[in-house]
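The structure appears below as structure tokens.
What follows is calculated from the coordinates using simple rules that are stated; it is not laboratory data. Not measured: the values here are computed from a predicted model. Quick reminder, even Gly has a Cβ in these numbers, built from the backbone with ideal geometry, and neighbours come from all protein chains shown.
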Amino acid sequence: SQQGEEDPQALSIQEGENATMNCSYKTSINNLQWYRQNSGRGLVHLILIRSNEREKHSGRLRVTLDTSKKSSSLLITASRAADTASYFCATDEAQGAQKLVFGQGTRLTINP
Amino acid sequence: KAGVTQTPRYLIKTRGQQVTLSCSPISGHRSVSWYQQTPGQGLQFLFEYFSETQRNKGNFPGRFSGRQFSNSRSEMNVSTLELGDSALYLCASKPQALSSYEQYFGPGTRLTVT
């Protein structure tokens, strides 16, 4: 079963707006990662946040992690058409075999 | 460095046949993981290999198997193909078998079973 669940499943916004995606998970984790996938292609790593971190930035990306709520959010600021893609969170269980478990993803569409 | 490469990129097979997919990791990466992606089940972990040994395995039937060679290249095999095996198969590599490393994904092999 999926460890992470993204919300919303689909998001459509205008270019220039901010996009926020959320991820919830079930068990204690070592770290949480976000990946992007352009239609039917391989995934690209965006950012990794460790369980002892609360917030991390990378360019236009901001990720937060709340381990008490077992949730994370990915904020993309000043969105661009090229940001259109599916976004996945991936977690590894702290007590498990360190394999990554992906959520179902959020399909983000940026309208010009 | 060259990225992760997967061959073939597209494959059409018939039910009951078997298939072998290949993955060449980034040079120096010793861990290779395989994932199956379908619209219904999403991205599901198949297995991970590190130094020619299977380190982790997902919840897939024994028809799905894999191996890793001494140069870290990996293959996965699916025997007795079923229609439900139609999917995008992704492999990913990283330097070590630790979850704290980011994974580098290949473009995938699109398998269609008819």
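Please compute the net charge surrounding residue A:38, taking Lys and Arg as +1 and Asp and Glu as -1 over other residues with Cβ under 14 Å from its Cβ.
Values: positive: A:36, A:41, A:80, A:107; negative: A:83.
Every neighbour counted, the sum reads +3.
Within the shell of other residues whose beta carbon sits under 11 angstrom from the beta carbon of residue A:24, the net charge comes to -1, with Lys and Arg scored +1 and Asp and Glu -1.
Can you give the Rg to Rh ratio of chain B, both from alpha-carbon atoms, with Rh computed by the Kirkwood formula? On the Cα set of chain B, Rg over Rh gives 0.95. Averaged over peptide B:33-42, the number of partner chain Cβ atoms lying within 10 Å of each residue's Cβ comes to 2.
Checking the table A:70/B:1; A:56/B:57; A:69/B:94; A:26/B:57; A:56/B:94; A:26/B:1 against a 27 Å threshold on Cα-Cα, which pairs fail?
Details: A:70/B:1 36 Å; A:56/B:57 31 Å; A:69/B:94 29 Å; A:26/B:57 20 Å; A:56/B:94 22 Å; A:26/B:1 37 Å.
Among A:70/B:1; A:56/B:57; A:69/B:94; A:26/B:57; A:56/B:94; A:26/B:1, the Cα-Cα distance tops 27 Å for A:70/B:1; A:56/B:57; A:69/B:94; A:26/B:1.
The GNM of chain A, with springs linking C-alpha atoms under 10 angstrom apart, assigns the highest mean-square fluctuation among A:62, A:41, A:54 to A:41. Averaged over the residues of peptide A:26-37, the number of Cβ atoms from other protein chains lying within 10 Å of each residue's Cβ is 2.
When the dipole is taken about the Cα centre of the range B:7-78, and only Lys, Arg (+1) and Asp, Glu (-1) are charged at their Cβ, what size is it in debye, to the nearest 20? Each step should come with its number before you reach the end.
Working: 9 positive and 3 negative charges, 31 e Å.
So the dipole magnitude of the range B:7-78 works out to roughly 140 debye.
Taking the Cα centroid of the range B:38-72 and of the range A:17-47, what is the distance between the two, rounded to the nearest whole Å? Using only Cα atoms, the two centres lie 21 Å from each other. Counting only residues at least eight positions apart within a chain, or on another chain, the aspartates and glutamates with an alpha carbon under 13 Å from that of residue A:99 are B:48, B:102. Excluding residue B:95 itself, what net charge comes from residues whose Cβ is under 10 Å from its Cβ, given Lys and Arg +1 and Asp and Glu -1? Overall, the nearby charge balance is +1.
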